[in-house]
Every structure is written in structure tokens, then in C-alpha cells.
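Report on one structure; see the data block that follows.
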Amino acid sequence: MINTIMDAMQGFGVSTTHYLQTNYKDAQGLFLWVSWAADLRNTFFIFFPLWFHLRSSVGIKLIWVAVIGDWLNLVFKWILFGERPYWWVHETPYYANTIRPHIEQYPMTCETGPGSPSGHAMGAAGVYYTLVTAILAILSIKKKYSNKKSADKSWYLKAILWSVFCGVQVCVCLSRVFIAAHFPHQVITGVITGMIVAEAFDRIQWIYSASMKNYFFVTLFLTSFAVGFYLLLKSLGVDLLWTLEKAQKWCIRAEWVHMDSTPFASLLRNMGTLFGLGLGLHSPLYTETKKSNSTQVKAVCVVSSLLLLHLFDSFKPPTHTAALYYLLSFCKSATVPLVTVSIIPYCVDRVLSPQNKKSS
């Protein structure tokens, strides 16, 4: 019964993908761009440096929501064993008595992990939910000192922000279905789960005062739990990397199967980011410069961070050895928040301080 329901849902999903690819082929570039924009890499390389220098608490929460959300996504995928349309359509007996639909593949189609829930949808929902609630929280503080006319404007802005949020989620879901990376029920589940994670972190305050020891042990626990869970099920005869073989078999171009989409690459990337944030926040360099409220310093820090991280993102760890790739991915990910939080602000402060002193 369950298999019949799942086949029906996934058959509907493939039909939806076929319909989108057939009737909205001209929007291919837009859908591919949306999938690229929804990747968590852009949260770490764009949203985090931008918001951290403008309001550090929002930047910190963004990292926690993105990392914990993606870690939960990995665990859920290992538990739910979700198929992906681009390989399911070739293997299922669902089309035994009918014509098997043809669906196109794209460079971002061939994800190597299980499909449920969608990581892109879950990450985008968590990140944008965090941004909307943060902006509204900032506005609510100003609203206390405003008149009724300003309060009415605040209501309109709230409606606009949540409308944009919904629009972004719809676009992300459609893009993931269009490229045949996910079924509709997987992206919907991802959006709901991502919002739950973001809402949970609205109620968690200790992350803003977490010690380096806290960061170390949280990183160690999350990594150990995921690896231990994998080894436990493997000892029971359950291979959690079963999807990698399917991706390599059914992806029409071998170069589209990227190592950075494997489950352990995602795990090490997120753990490196969280650990790097802890290192940055507890660095002597950050302690020395965090009291600087100069608008000029913040603006230079934002621009410098975005430019430097863009250049840094062009470095791709070699993939010929898996262990080396995972190690370098961890180190690269840890460097991003470390540089953003402590090194760049310190350098900017050192450069601008003599000018400030002279002008005073």
C-alpha cells in the first residue's frame, strides 16, 4: 500500500517535471540560476559576511540555522531513503504498461545523495525565514517610537517581506522539480522543515554567547553522530551511500556527478563552517575590533569580505583522493567565517584607525 502511494506521488512528480520542461523550456536559464542561488554556499559567502558586519547576531544565527538545518537534512535523507526523479524514472516498474516519460538533465541535476527532503528548499526556507524575522524584529524595535502612520507602513512592509519569502520558496521548489533533482513532495517537505528549524532558533539564545568549548563539542557531537550512524547501519548491512551508484549510472554526463554533493562532503563543509565561526568569535583579533561601530569600517568590511571570499571560493580542493578532499573542504569552510569575523575587521581597523586619529 505504501509503495503504491509512493509510486503514485513520484509518478505525479515525474509528470510535473516533464510538463515544466516541455512548456517552460525558455525559462531554463532562470530555473538553473534559482537552483544556484538557493545553494547554501551563497549563505556562507554572501549573506553571512553582509549581515555579520551590519548586525552580528543575525549573521551568527544564519550560520547556526544553515548548518544545523543541513545536518538534519542529511540525517533525514539517510532515514527516509528518498529517490530522485532522474534515476527513478529509469528503474521503476510504474511505467511497465505505458510510455516512460523523457525528462532532461542539467549540470545541477545529478545530486548524489538521497532526495527527501530537498536540501535546497530546506536551506532556502531556513535562511530566508531567518532574514525576514530578523528584519521584522529590527522594525518592531523602531515601531515602539513611531506614530500610527509609521505603524501602517510597517504592516505593508511585513506583507511585502512575507510575499517575497513565499515567492522565493515557490521559485526554488519549481527549479528543483524542473531540473529533475526532486519530486514535489520532497521540496514541500524541505520548505516546512526549514521553517521549523529557523523558528526553533528564534527561541534559542545561548548561541550568541556560546564559548569556544561549546563550538568544539557541538561540532564534535554532530560529526560523531553522523559518522557513527553511518557506521552502525553499514554494520547492519545498510549502505547509506546507495545513491552514489545510481547517480553515476543514470547521469548522462559523468562530469555532472560532483563530489561536493556527496553526503560526507556536505557534513564536513558544514562542520568546518560552524567550527570556523567559533574560532573567529573567540579570536583575540575579533575581541580587539568588535567594539568598533564606525559605519565606514562596517562598509569597508562588507565590501572586502565579499570580494575576498569570492576569490577564495574559486579554490576547489582536488578530488582525486576522497580523504584529502574532505579535509581541505573542512579547512576551506572553516576559513570563511574566521576571515570574515576576525581577520578582515582587524586589518580594516588597522588601516582606517590612523586616518580616524588624524581627522580627530
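Work out which chymotrypsin sites (Phe, Trp or Tyr not before Pro) in the chain are exposed loop sites (DSSP not H, G, I, E or B, at most 16 other Cβ within 10 Å) and give the longest gap free of them.
Between the exposed loop sites, the longest stretch runs 146-314.
Taking the Cα centre of the chain as reference, the dipole from Cβ charges on Lys and Arg (+1) and Asp and Glu (-1) amounts to some 1560 debye. Here the accessible area is traced with a 1.4 Å probe on the protein chains. For the chain, carbon and sulfur cover 66 percent of it. Considering only Pro263, Ala299, Ala334, the residue lying farthest towards the positive end of the dipole of the stretch 221-334 is Ala299, judged by Cα position with unit charges set on Cβ.
Short to long, the 10 Å bins of the Cα pair-distance histogram for the chain hold 5, 22, 30, 24, 13, 5, 1, 0, 0 percent of all pairs. Once the Cα atoms are used to define both axes, helix 212-235 deviates from the longest principal axis of the chain by about 10 degrees. Within the chain, the cysteines lacking any other cysteine Cβ closer than 4.7 Å to their own Cβ are Cys166, Cys171, Cys173, Cys301, Cys331, Cys347. A 1.4 Å probe run over the protein chains yields, for the chain, 51 Å² of accessible area per residue, whole-number rounding.
For the stretch 292-352, the C-alpha radius of gyration sits at 1.37 times the compact-globule guess of 2.2 N^0.38 Å, with N the residue count. When both the stretch 206-261 and the stretch 294-324 are represented by their alpha-carbon centers, they are found 24 Å apart.
Note that the stretch 1-125, at 20 °C in a medium of 1.002 mPa s, gets a Stokes-Einstein diffusion coefficient of 129 µm²/s from its Kirkwood radius over C-alpha pairs. Counting Lys and Arg as +1 and Asp and Glu as -1 over every other residue whose Cβ lies under 14 Å from the Cβ of Leu62, the net charge comes to +1. Rg then Dmax, both in Å and based on the Cα atoms of the stretch 268-310: 12.4, 35.
Could you compute the FRET efficiency for Ala96 and Ile46, with r as their C-beta to C-beta distance and R0 at 51 Å, rounded to 0.05?
0.65
Among all stretches of the chain without exposed trypsin sites (Lys or Arg not before Pro) (DSSP loop, at most 16 other Cβ atoms within 10 Å), which one is longest? Before the final figure, lay out the partial values.
On the way: sites that count: Arg55, Lys144, Arg203, Arg253, Lys290, Lys291.
Between the exposed loop sites, the longest stretch runs 56-143.
Angle between the Cα long axis of helix 184-201 and the longest principal axis of the chain, 0 to 90 degrees, nearest 10? Helix 184-201 sits at roughly 30 degrees to that axis.
What FRET efficiency comes out for Glu255 versus Leu306 if R0 is 25 angstrom and r is the Cβ-Cβ distance? Round to the nearest 0.05. Walk me through the intermediate numbers first.
Working: r = 29 Å, r/R0 = 1.16.
In this case the efficiency is close to 0.30.
When the helices of the chain are scored as -39500 (n - 2.57) per DSSP H run of n ≥ 4 and the total is divided over every residue, the value at 222 nm lands at -23500 deg cm²/dmol.
Residues in the stretch 173-182 carry Karplus couplings, in order, of 4, 5, 5, 5, 6, 4, 7, 6, 8, 9 Hz; the curve used is 6.51 cos²θ - 1.76 cosθ + 1.60 with θ = phi - 60°, and Gly or Pro positions show x.
Spin-label pair Trp36-Ile2: with each label point 7 Å from Cα along the Cα-Cβ axis, the two points sit 4.0 nm from one another.
Grab the Cα-Cα distance for Ile79 and Asn214, subtract it from 0.36 nm times how many residues apart they are, and report the gain in nm with one decimal.
Details: separation 135, 0.36 × 135 = 48.60 nm, distance 2.74 nm.
So the chain would gain 45.9 nm between Ile79 and Asn214.
Approximating the spin labels as points 7 Å out from Cα along Cα→Cβ, the Cys331-to-Tyr156 distance works out to 5.4 nm.
If you add up the charges near Pro317, with Lys and Arg at +1 and Asp and Glu at -1, over every other residue whose beta carbon is less than 13 angstrom from its beta carbon, what do you get? Walk me through the numbers on the way to the answer.
Numbers: positive: Arg269, Lys316, Lys332; negative: Asp260, Asp313.
Once positives and negatives cancel, what remains is +1.
Per-residue Karplus couplings for the stretch 120-127, computed as 6.51 cos²θ - 1.76 cosθ + 1.60 with θ equal to phi - 60°, are listed in order as 5, 5, 5, x, 5, 5, x, 5 Hz, Gly and Pro entered as x.
The values are calculated or read from the model by the stated rules, or taken from the named source; none is laboratory data. The model shown is predicted, which means the values in this text are computed figures rather than measured ones. With ideal geometry, Cβ positions are generated from the backbone for all residues, glycine too; neighbour counts draw on all protein chains shown. For the accessible areas, the whole protein counts, side chains as well, though only heavy atoms, and no ligand, DNA or RNA atoms are used. Shrake-Rupley method; radii C 1.70, N 1.55, O 1.52, S 1.80 Å.
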